[in-house]
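Below is one structure, written out as structure tokens; comments come after it.
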Amino acid sequence: MKIAILSRDATLYSTRRLKQAGEERGHEVQVIDHLRCYMNITSHQPKVMYQSQPLIDIDAVIPRIGASNTFYGTAVVRQFEIMGVFTANTSMAISRSRDKLRSLQIMARRGIGLPVTGFAHSTKDIDGLVDIVGGAPLVIKLLEGTQGIGVVLAETQQAAKSVIEAFRGLDANILVQEFIKEAGGMDIRCFVIGDKVVAAMKRQGAPGEFRSNLHRGGSASRVRLTPEERSTAIRAAKAMGLRVAGVDLLRSNHGPVVMEVNSSPGLEGIEKATDIDVAGKIIDFVAKHSAPHVPKKDKDRDGIKY
């Protein structure tokens, strides 16, 4: 098979591991900077061009689209879909999961466990917004934040009002969520492929840090999931329409709650924490669900196939 990995940086751990895993299985793997692609959008011969050459005979695409490049990255993925190429995650699913508010609304509609969440536009409604989530302490999140950036713990009502007013003064969209104190700065990353959780790790925040992101100094270790946690992770990924996803859960007093569903989850932390070949499982899934490209027979000038 010929597999294209859409990634801005071929040296990143996740990109390198996917390429390695694909080549170990006998596939031809190419890393493509999706921001350097350009497209021919026509009805009969849609194309994706890269370095002045059409990307042809691609059997499958594995998108590794960064949050800041979602619009153009998903346009490239969509173009491959128009061309009939299998994508590990569809453009629609990536877009849906990147919109934090929309993703929470979708999961709420599906009855998936979530922290109590509030959303408002006007600073005149701060008191009511804070009351919705049960008062301080509470967590305030930028809708556009990633890797724990733009996430603030407000320990008092006044602190919450000040932070919300500051963010709204910058015209930033925010979510306000209940603080799950019993989680103790720990969350669980479930790696979902298809309809299975193939790996799971516990991430513990650094001392004094309520965010558990590894980028914020957290530590990771293997964890055993309960049946409810496993089911919640799979349902959350399916609600987003994602075939490959990282689902972040918190253990609360009222069961597992989903914090986020990631369409381009990193591989380094979970592979090292669990010693599981997650990259290989992604390649195997893609190979199983995509049809190998069958090249058209060329013809000589007399119309004879050869």
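Odds and ends about this structure:
- Axis of helix 157-169 versus longest Cα principal axis of the chain: the two differ by about 40°, to the nearest ten degrees.
- Fraction of accessible area attributable to carbon and sulfur, the chain (%, probe 1.4 Å): 49
- Cβ-Cβ distance of Gln20 and Ser122, R₀ of 45 Å, FRET efficiency by 1/(1 + (r/R0)^6): the value works out to about 0.30.
- Beyond 17 Å, the tail of the calculated P(r) for the stretch 2-89 holds 44 percent of the Cα pairs.
- In plain terms, the chain is cut at each of the GluC sites (Glu not before Pro) found in a DSSP loop with at most 16 other Cβ atoms within 10 Å, and the longest leftover piece is 1-143.
- Those residues of the stretch 51-78 whose amide nitrogen sits under 13 Å from the label point placed on Tyr38, 7 Å along Cα→Cβ: 51-54
- What separates the Cα centres of the stretch 9-70 and the stretch 80-159 is a distance of 29 Å.
- Computed on protein heavy atoms with a 1.4 Å probe, the accessible areas place Asp248, Asp125 in the order Asp125, Asp248, largest first.
- For the listed residue pairs Lys196/Lys281; Lys100/Lys124; Lys196/Lys272; Lys100/Lys196; Lys100/Lys141; Lys141/Lys238, the alpha carbons are over 18 angstrom apart in Lys100/Lys124; Lys196/Lys272; Lys100/Lys196; Lys141/Lys238.
- A simple spin-label model places pseudo-atoms 7 Å from Cα toward Cβ; at Arg224 and Gln105 they are separated by 4.1 nm.
- Taking N as its residue count, the alpha carbon Rg of the chain over 2.2 N^0.38 Å: 1.12
- Our helix-only sum for the chain, with -39,500 (n - 2.57) per DSSP H run of n ≥ 4 divided by its residues, gives a mean residue ellipticity at 222 nm of -9500 deg cm²/dmol.
- Computed from the Cβ-Cβ distance with R0 of 45 Å, the FRET efficiency linking Thr156 to Gln30 stands at 0.25.
- Projected label points at Lys272 and Asp171, each 7 Å from Cα along the beta carbon direction, are separated by 4.0 nanometres.
- In percent, rounded to a whole number, the relative contact order of the chain is 18, using alpha-carbon pairs under 8 Å and six or more apart.
- Per-pair calculated FRET efficiency, R0 = 35 Å: Phe71 and Gln45 via Cβ, rounded to 0.05: 0.90
- For the stretch 23-71, the solvent-accessible area with a 1.4 angstrom probe is 59 square angstrom per residue.
- The chymotrypsin sites (Phe, Trp or Tyr not before Pro) of the stretch 34-120 include none that meets both conditions, a loop assignment by DSSP and at most 10 other Cβ atoms within 10 Å of the site Cβ.
- Nearest 10 degrees, 0 to 90: helix 13-24 Cα axis against the chain principal axis: 30
- Eligible aspartates and glutamates near Lys2 by straight Cα distance, threshold 20 Å, same-chain separation 8 or greater: Glu23, Glu24, Glu28, Asp33, Asp57, Asp59, Glu81, Asp284, Asp298
The values are calculated or read from the model by the stated rules, or taken from the named source; none is laboratory data. Just so it is clear, the structure is predicted and the values come from calculations on it, not from any experiment. Neighbour counts run over all protein chains shown; Cβ positions are idealised from the backbone, glycine included. The area values use the complete protein model at the heavy-atom level, side chains included, leaving out ligands, DNA and RNA. Shrake-Rupley method; radii C 1.70, N 1.55, O 1.52, S 1.80 Å.
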